[in-house]
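The values are calculated or read from the model by the stated rules, or taken from the named source; none is laboratory data. Here the structure is a predicted model, which is why all the values come from computation and not from measurement. Backbone-built Cβ (ideal geometry, glycine too); neighbour counts: all protein chains shown. Note: areas computed on protein heavy atoms with side chains; ligands, DNA, RNA excluded. Shrake-Rupley method; radii C 1.70, N 1.55, O 1.52, S 1.80 Å.
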Amino acid sequence: QVHLVESGGGLVQVGESLKLSCAVSGGTFSDYAMGWFRQAAGKEREFVAGICWHGGCTVYGDSVKGRFTIWKDNDKDTLYLEIHSLEPEDTAVYYCNIGGYYAGKYNHGDWWGQGTQVTVSD
């Protein structure tokens, strides 16, 4: 059984930075392509970033390009997302996911974490 646990969310001010983590247990982390999604209240889940299994290729959602960085540490079985220059529109629950990465696109799979809340205050 694979478990994903996000952490690092919280209440931050506009313009600050935040690093989210997703610890994975079970399975073989180094084999996984992974991604981050977010869902704001009353809105659909939105793709944020994806990374291929070896970490050398990434893709980002159009709304976050240039401010978000995804990477994975295959020694620590952990996925990360760093967010810079936070905006109120970044307020959402952030979820990590195990999926597939092909031809520069990330497709989500069925394994999700429970989410971590990020709230940006102006």
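If one computes the Cα centroid of the stretch 15-39 and of the stretch 68-122, what distance in Å separates the two points? The two parts, judged by their Cα centres, are 5 Å apart. For the stretch 50-93, place one equal point scatterer on every Cα, skip the solvent, and apply the Debye formula. What is log10 of I(q)/I(0) at q = 0.21, 0.28, 0.30, 0.31 Å⁻¹? Log10 I(q)/I(0), no solvent term: -0.75, -1.07, -1.14, -1.18.
Along the Cα-to-C-beta direction of SER85, a point sits 7 Å from the Cα; which residues of the stretch 1-44 have their amide N less than 19 Å from that point? Residues 12-20 qualify, since their backbone N sits under 19 Å from the label point. For the stretch 23-105, GluC sites (Glu not before Pro) meeting the loop criterion (DSSP other than H, G, I, E, B) and having at most 15 other Cβ atoms within 10 Å: GLU44. Say a paramagnetic label sat at a point 7 Å from the Cα of THR119, along Cα to Cβ; which residues of the stretch 1-38 have their backbone N under 14 Å from it? So the set is 9-14. Based on protein heavy atoms only, the stretch 22-108 ends up with 49 Å² per residue of surface accessible to a 1.4 Å probe.
Only one residue of ILE70, SER30, VAL14 has its Cα farthest out toward the positive end of the dipole of the chain, where Lys and Arg carry +1 and Asp and Glu -1 on Cβ, and that residue is SER30. Each Lys and Arg contributes +1 and each Asp and Glu -1, all at the Cβ; summed about the Cα centre of the stretch 1-112, the dipole is approximately 120 debye.
Shown here: the chain, whose C-alpha atoms stretch 40, 28, 27 Å along the first, second and third principal axes, sorted largest to smallest.
Measure off, as a whole percent, the carbon and sulfur share of the 1.4 Å-probe accessible area of the stretch 22-122, all protein chains present. Using a 1.4 Å probe with all protein chains present, the stretch 22-122 comes out at 47 percent carbon and sulfur. Taking all protein chains together, PHE29, PHE47 sort by accessible area into PHE47, PHE29, largest first [probe 1.4 Å].
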